[in-house]
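Enquirer: The structure under discussion is supplied below as structure tokens; questions concerning it will follow.
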Amino acid sequence: MTKGDRAVAPPLRHALSDRRGVVFVEFLIAFLPVYTFFLCLIQLALLFAVRLVTEHAAVDAARAAAVVIGDDPKRYNGEKINRLTVKGSARYEVVRDAALLSMAPLILNGFVHDVNVVFPPAERPGAPGQTGTLGFAPMNDSQVSKVRVRVEVEAECRIGIANRIACPLSFNFTHATDALKLAIPMRSVKAEAIYPYQGARYDYP
């Protein structure tokens, strides 16, 4: 052993035998899993809130569709009653606006993006949305006609650490904000509602 080794050895042995700070290390080992679990609870609670609002938006959109599809053509650029052209028509935009109004708080704070309103077949929940011009038969004594609406949104997962666990990583930069440039994980949330379609007509002054 050299003279330099003899000078270093005693402090090293002292450091290895020192037990100060052991409790703090044990605290970190126990704290990190609990803290991560707490963050996951917050993230899941926010996603659940988005889910509830999306369900409410689907109900509002279905109710609006049941009224709008049979409403006076003069209010919708002369579009025929009992018809709905998916995307681009005045009646469709009114139905979508009903969903947007319900989702407005989450849209304004940036939690929700890409609100999409689709019309699956009435008797096939979860089916792909129909395209083109859809026809609806008014309800009568022999049949009960229905209109089914699905609202689909993309929700941000903002809670650090937990968002990587609860939400898949998305690289969708349709809305290129500074936050999304960091590839914030997103979660798709969908909700459906079905409403009877009476084909009622309304009189306006």
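The values are calculated or read from the model by the stated rules, or taken from the named source; none is laboratory data. Please read these numbers as outputs of a predicted model, since none were measured by experiment. Please note: Cβ atoms are built from the backbone with ideal geometry, for glycine as well, and neighbour counts cover all protein chains shown.
Enquirer: Determine which member of the set 164, 148, 158 is modelled with pLDDT under 90, among the charged types (D, E, K, R) and within 24 Å of residue 57 (Cα to Cα). Steps first, please.
Expert: Working: 164 fails: within 24 Å of residue 57 (Cα to Cα); 148 fails: modelled with pLDDT under 90.
It is 158.
Enquirer: Restricting attention to region 43-64, and to residues there that are under 11 Å from residue 98 (Cβ atoms) and of a type in the set (Gly, Ala, Ser), which single residue is farthest from the chain's Cα centre (by Cα)?
Expert: Across region 43-64, the extreme among qualifying residues is 64.
Enquirer: Right, next: Quick one: in region 97-116, of everything that is over 15 Å from residue 46 (Cβ atoms) and among the small types (Gly, Ala, Ser), which residue is surrounded by the most Cβ atoms within 10 Å (Cβ to Cβ)?
Expert: 99
Enquirer: Continuing with this model, one more query. I'd like the full set of residues that are farther than 21 Å from residue 53 by Cβ, without any contact (Cβ under 8 Å) to a residue 40 or more places away in the chain and either part of a loop (DSSP other than H, G, I, E, B) or in contact with a helix residue (DSSP H, G or I) (Cβ under 9 Å, 6 or more places away or on another chain) (or both), limited to region 138-166.
Expert: Across region 138-166, the qualifying residues are 140, 141, 142, 143.
Enquirer: Looking at region 99-106, can you tell me whether even one residue there is touching a helix residue (DSSP H, G or I) at 6+ places or on another chain (Cβ under 8 Å), within 18 Å of residue 199 (Cβ to Cβ), of a type outside the set (Asp, Glu) and touching a residue at least 24 places away in the same chain (Cβ under 8 Å)? Quick ask: steps written out before the conclusion?
Expert: Of region 99-106, the ones touching a helix residue (DSSP H, G or I) at 6+ places or on another chain (Cβ under 8 Å) are 99-103, 105-106.
In the following step, the residues that additionally are within 18 Å of residue 199 (Cβ to Cβ) were identified as none.
No, every residue in region 99-106 fails to be touching a helix residue (DSSP H, G or I) at 6+ places or on another chain (Cβ under 8 Å), within 18 Å of residue 199 (Cβ to Cβ), of a type outside the set (Asp, Glu) and touching a residue at least 24 places away in the same chain (Cβ under 8 Å).
Enquirer: Right, here's the next one. Could you count how many residues in region 73-96 are over 21 Å from residue 203 (Cβ atoms), loosely packed, with under 14 Cβ neighbours inside 10 Å and either touching a helix residue (DSSP H, G or I) at 6+ places or on another chain (Cβ under 8 Å) or of a type in the set (Lys, Arg) (or both)?
Expert: Of the residues in region 73-96, the ones over 21 Å from residue 203 (Cβ atoms) are 84-89, 92-93, 95-96.
Next, from what is left, pick out any that are loosely packed, with under 14 Cβ neighbours inside 10 Å: 87-88.
Going one step further and asking which of them are either touching a helix residue (DSSP H, G or I) at 6+ places or on another chain (Cβ under 8 Å) or of a type in the set (Lys, Arg) (or both), we end up with 87.
Within region 73-96, residues that are over 21 Å from residue 203 (Cβ atoms), loosely packed, with under 14 Cβ neighbours inside 10 Å and either touching a helix residue (DSSP H, G or I) at 6+ places or on another chain (Cβ under 8 Å) or of a type in the set (Lys, Arg) (or both) number 1.
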